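**Q** Here it is: the structure, laid out below.
Nothing in this text is a laboratory measurement; each read-out follows from the coordinates by a stated rule. On a predicted model such as this, the values are computed, not experimentally measured, just so you know. Neighbour counts run over all protein chains shown; Cβ positions are idealised from the backbone, glycine included.
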Amino acid sequence: MSKYMDEFKEFISRGNVMDMAVGVIIGGAFTGIVTALTDDIINPIITLATGGNGTEIGGLNFNGIDVGAFLSAVLNFLIVAFVVFNLVKAVNKFQSVAGLNKEEEPTAPAPVCPHCLEEVKEGATRCPHCAGEIPGGAKA
């Protein structure tokens, strides 16, 4: 059980897990702001434009189905997705400018034995797999 808890502590203390937790908390707070925006500003504008009575979005309530609530949820999603997209784009640009997400240099392929086609160390004069002689030493 101790090993399990140690693994859990290592997992939870990783930087990306903490970043994700902060993102979820910020996302929850931001979602509240976007919900207030759609409920208090956008929906009343739609109500005025469609001739509603002030309590529901006029013409968008069919047989007890509140289409206005669905539209509010879609607007919430689109606004949050747009902001998250822009944040990710900005973070990626910052990381590339700061040189934080350097891609690894592609390594040259390892030399191959001409007899058995197994990988050998560069400069080897004999293959460790088939003992075949490599004239001039193995080169990448």
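**Q** In whole Hz, what ³J(HN,Hα) sequence does the stretch 24-31 give by Karplus (6.51, -1.76, 1.60; θ = phi - 60°), x for Gly and Pro?
**A** Ordered by residue, 3J(HN,Hα) equals 5, 5, 5, x, x, 5, 5, 4 Hz.
**Q** Turning to a different aspect of this structure: Give me the one-decimal nm value for the distance between modelled label points at ILE33 and LEU117, 7 Å along each residue's Cα-to-Cβ direction.
**A** 6.0 nm
**Q** Further, regarding this structure: Apply the Karplus parameterisation 6.51 cos²θ - 1.76 cosθ + 1.60, with θ equal to phi minus 60°, to every residue of the stretch 126-139 and state each ³J(HN,Hα) to the nearest whole Hz, in sequence, with x for glycine and proline.
**A** 9, 6, x, 8, 10, 6, x, 7, 10, x, x, x, 6, 10
**Q** Once phi is turned into θ = phi - 60°, what whole-Hz ³J(HN,Hα) does the Karplus curve with 6.51, -1.76 and 1.60 give for every residue of the stretch 34-40, x standing for Gly and Pro?
**A** For the stretch 34-40, the Karplus-derived couplings read 5, 4, 5, 4, 5, 6, 9 Hz, x marking Gly and Pro.
**Q** If I take R0 = 35 Å and measure r between the Cβ atoms of LEU48 and VAL91 in this structure, what FRET efficiency does the formula 1/(1 + (r/R0)^6) give, to the nearest 0.05? Display every interim value, and only then the final one.
**A** Numbers: r = 39 Å, r/R0 = 1.10.
Between LEU48 and VAL91 the formula returns 0.35.
**Q** Name the long-range amide H neighbours of ARG126: under 5 Å, sequence gap of 5 or more, or other chain; modelled H, no Pro or chain starts.
**A** The list, which skips near neighbours in sequence, is ILE134.
**Q** Output the peptides 68-74, 26-32, 120-126 sorted from most to least packed, where packing is the average of other Cβ atoms within 10 Å over each peptide's residues.
**A** On the way: 68-74: 15.1, 26-32: 11.6, 120-126: 13.6.
With the highest mean Cβ count within 10 Å placed first, the list reads 68-74, 120-126, 26-32.
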